[in-house]
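Q: Please read through the structure below; I'll follow up with questions.
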Amino acid sequence: MSANGTITQALREAAAQMLSDKKVGVVIGYGRDEGQEFSTPVFLRKAEEVERLVFDDLCFGNLAVYLSRPAIRKMGKTGIVVKGCDLRAVNVLLRENVIKREDVLLIGVHCGGLGEPRLPKCLVCEVHSPTGCDVVVGEAIEQPEVKAEQRYTKADEIEAKPVEQRWEFWQKQLSKCIRCYACRQVCPLCYCKRCIIEKNTPQWVETSPHVRGNLAWHVARALHLTGRCVGCGECERVCPMDIPLGAINQKMAKVVDERFGFRSGFSAEDEAPFTTFSTEDSEEGIL
Amino acid sequence: MSKEQQNKSEKSQWQPRIVAFLCNWCSYAGADLAGMSRRGYPAAIKVIRVPCSGKVDPMFVLKSFERGADMVLVSGCHPGDCHYASGNYHARRKLLAFRELLDFLGIDQRRFKISWVSAAEGAKWSSLVKEITAEAQALGPFETFATMLQGEPS
């Protein structure tokens, strides 16, 4: 898999321009050193460094995770390379006032999908081309139509099992968890200064890697991301124990889609479902 | 006593533990009214008073299960009657989504109840508690969860 030459070249030019014009203090993008299996984040402060930038189909990370970090904020205005899916996370950060639009310079890339074979999320990607960026590089990619029933196939698959089997499945999966919290660290929307897992008066979630605490942790994580998660799939990708975390997030995305007709990250202006309500909400199952 | 009879008597002696989070302004007052008007209801229910049903974090519910509850009930004011104007509307969104998550993870939805009981509905409260206690009795101990709690650390 070779680097996508034209996009890489255009990216380097755009980054060099904005760094030498002092429009941004730092550019966050992807780089790949020799011998690396996939592209990793690079942070460029000077125009001479832009040779390190690349864009290829192994740029997995969601760089939006760095936008809320204080160390990055101190560097001044941030230029950031975003794929369409990453842009959804940026939209949520803007909506939640974590970052201001004038503090970021969005460098959008047209992305045809990642990985070989393609990641599941890329097969049903609805945002090959980013919208609302300051600079867009690459050639526009034709956007195939994605049907509503294709959106949540992973959650649907587990949902089709009877309840006892679901319990067994998740018990098996969640007992693998070693509580490394990589899923939290890599999530662009898990930016709380103090996570519920660190609160111990009372101790909400047991911290030892036992399935009871694991269940509580993953329930808490799923609920805190409900109506916010943009389905970038990073949590599942980084999980060292291969727990299908994406399926839980997908389930909650499906719930807010079906109940409230809401899909996160498509606009920086919309209201998250749990910050508002409607008097017309379903009453089903309430005694 | 035959084994079958013994099982039966053990089962009838077993009392479910139901944890109920009641909002201060409606459901708690409704339960109070039930008591004042001498309407009995099963003692299996352990009432915890909260300011509003909107205060109930799903973690409260999970914590209750972790501490051995067989069923959890959250009860608040009827929609439109919230003392804080909209707390129960927020609770409705949050808790129904939470219930779907529990179901997805394989936890029986019948173990988690949501109800609206107003301060004037002492009779509703009394019959509701009788009803859910009977259901909890029929469901039996929350064994799947209890087994998980006792399991060895991974």
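Q: Would you please state which residues of segment A:36-60 a label at residue A:13 would reach in this model, taking the label point 7 Å out along Cα→Cβ and a backbone N cut-off of under 19 Å?
A: Answer for segment A:36-60: A:47-56.
Q: Residues in segment A:245-275, backbone N under 16 Å from the label point at residue A:101 (7 Å along the Cα-to-beta-carbon vector): list them, ranges by number please.
A: The answer is A:265-271, whose backbone nitrogens lie closer than 16 Å to the label point.
Q: Rounded to the nearest 5, what is the percent of antiparallel bridges among the DSSP beta bridges in chain A? The partial results should precede the final answer.
A: Numbers: 8 of 19 bridges.
Just about 40 percent of them are antiparallel.
Q: So, R0 is 30 Å and r is the distance between the beta-carbons of residue A:142 and residue A:270; what FRET efficiency does that work out to, to 0.05?
A: Values: r = 26 Å, r/R0 = 0.88.
Efficiency at R0 = 30 Å is approximately 0.70.
Q: Quick check: from the Cα gyration tensor, does segment A:148-273 come out rounded (a/c under 1.5), prolate or oblate?
A: Details: a/c = 1.79, a/b = 1.17, b/c = 1.53.
It comes out oblate by the Cα gyration axes.
Q: Also: Within 10 Å of each residue's Cβ, count the other Cβ atoms and sort A:30, B:89, A:181 from fewest upward.
A: Values: A:30 25, B:89 20, A:181 16.
The fewest-first ordering by Cβ neighbours comes to A:181, B:89, A:30.
Q: Next question, about the same structure. Compute the length gained on full extension between residue B:24 and residue B:49: take 0.36 nm times their separation in residues and subtract their Cα-Cα distance, giving the result in nm to one decimal. Write down the numbers at each step before the final one.
A: Details: separation 25, 0.36 × 25 = 9.00 nm, distance 0.59 nm.
Contour length minus the Cα-Cα distance gives 8.4 nm.
Q: Say the dipole of the protein assembly as shown comes from +1 at the beta carbon of Lys and Arg and -1 at that of Asp and Glu; which of A:249, B:76, A:35 then lies farthest toward its positive end?
A: Positive-end residue among those listed: B:76.
Q: When the convex hull of the C-alpha atoms of chain B is computed, what volume per residue in Å³ does it have? Could you put the intermediate results ahead of the total?
A: Working: hull volume 17.7 nm³, N = 154.
It is 115 Å³ per residue.
Q: Can I ask one more? Computed FRET efficiency, Cβ-Cβ of residue B:130 and residue B:81, R0 22 Å: what is it to the nearest 0.05? Let's see the in-between values first.
A: On the way: r = 24 Å, r/R0 = 1.08.
Computed FRET efficiency for residue B:130 and residue B:81: 0.40.
Q: Based on other C-beta atoms within 10 Å, arrange B:133, A:153 from fewest to most. Intermediate values should be presented prior to the final figure.
A: On the way: B:133 20, A:153 13.
Ascending number of Cβ neighbours within 10 Å: A:153, B:133.
Q: Using the 10 angstrom Cβ neighbour count as an exposure proxy, how do A:151, B:110 rank, fewest first? Let's see the in-between values first.
A: Details: A:151 18, B:110 14.
Arranged by neighbour count, lowest to highest, A:151, B:110 become B:110, A:151.
Q: Output the 0 to 90 degree angle, nearest 10, between the alpha-carbon long axis of helix A:245-260 and the longest principal axis computed from the alpha carbons of chain A.
A: Approximately 80 degrees, to the nearest 10.
Q: Which distance in Å, rounded to a whole number, links the C-alpha centroids of segment A:147-224 and segment A:67-96?
A: A separation of 25 Å, based on Cα centres.
Q: Can you pick out the pairs among A:161/B:55; A:77/B:94; A:147/A:176; A:100/A:251; A:46/A:193; A:83/A:154 whose Cα atoms lie more than 26 Å from each other? Working shown, then result.
A: On the way: A:161/B:55 33 Å; A:77/B:94 36 Å; A:147/A:176 34 Å; A:100/A:251 30 Å; A:46/A:193 30 Å; A:83/A:154 22 Å.
In this structure, A:161/B:55; A:77/B:94; A:147/A:176; A:100/A:251; A:46/A:193 lie more than 26 Å apart at Cα.
Q: Then there is this: Hey, could you pull the Cα Rg and Dmax for segment B:69-154, both in Å?
A: 15.4, 50
Q: Hey, another quick one. Return the tail of the calculated pair distribution for the protein assembly as shown, meaning the percent of Cα-Cα pairs more than 33 Å apart. Don't skip to the answer; put the middle values down first.
A: Values: 42419 of 97020 pairs.
Summing the P(r) tail past 33 Å for the protein assembly as shown gives 44 percent.
Q: Summarise the partner chain shielding of A:162-170 as one whole number: the mean count of Cβ atoms from other chains within 10 Å of each residue's Cβ. Before the final figure, lay out each step's value.
A: Working: counts 1, 8, 3, 1, 5, 7, 2, 2, 4.
Taking the mean over all residues of the peptide, I get 4.
Q: Hey, which lysines would be in cross-link range of residue B:124, C-alpha to C-alpha under 21 Å, not counting anything within fewer than 8 residues on its own chain?
A: B:46, B:113
Q: Now for a separate question. Kindly express, to the nearest 10 degrees and within the range 0 to 90, the angle between helix A:84-95's C-alpha long axis and the longest C-alpha principal axis of chain A.
A: The helix A:84-95 is inclined about 70 degrees to chain A.
Q: Obtain the nm distance between the two label points defined at residue B:143 and residue A:161 by a simple spin-label model: each point lies 7 Å from its Cα along the Cα-to-C-beta direction.
A: Distance between label points: 2.0 nm.
Q: Continuing with the same structure: Over the Cα atoms of segment A:5-137, Rg to Rh with Kirkwood Rh, two decimal places? It would help to have the intermediate numbers written out before the result.
A: Values: Rg = 13.9 Å, Rh = 14.8 Å.
Rg divided by Rh gives 0.94.
Q: Given H placed 1.01 Å from N in the peptide plane, which residues other than close sequence neighbours of residue A:31 have an amide H under 5 Å from its amide H?
A: Sorted by chain and number, the residues that satisfy this are A:40, A:42, A:54.
Read the figures in this text as sums done on the coordinates, not as results from a lab. Here the structure is a predicted model, which means the values were calculated and not measured. Counting neighbours? That spans all protein chains shown, and the Cβs are built from the backbone with ideal geometry, glycine included.
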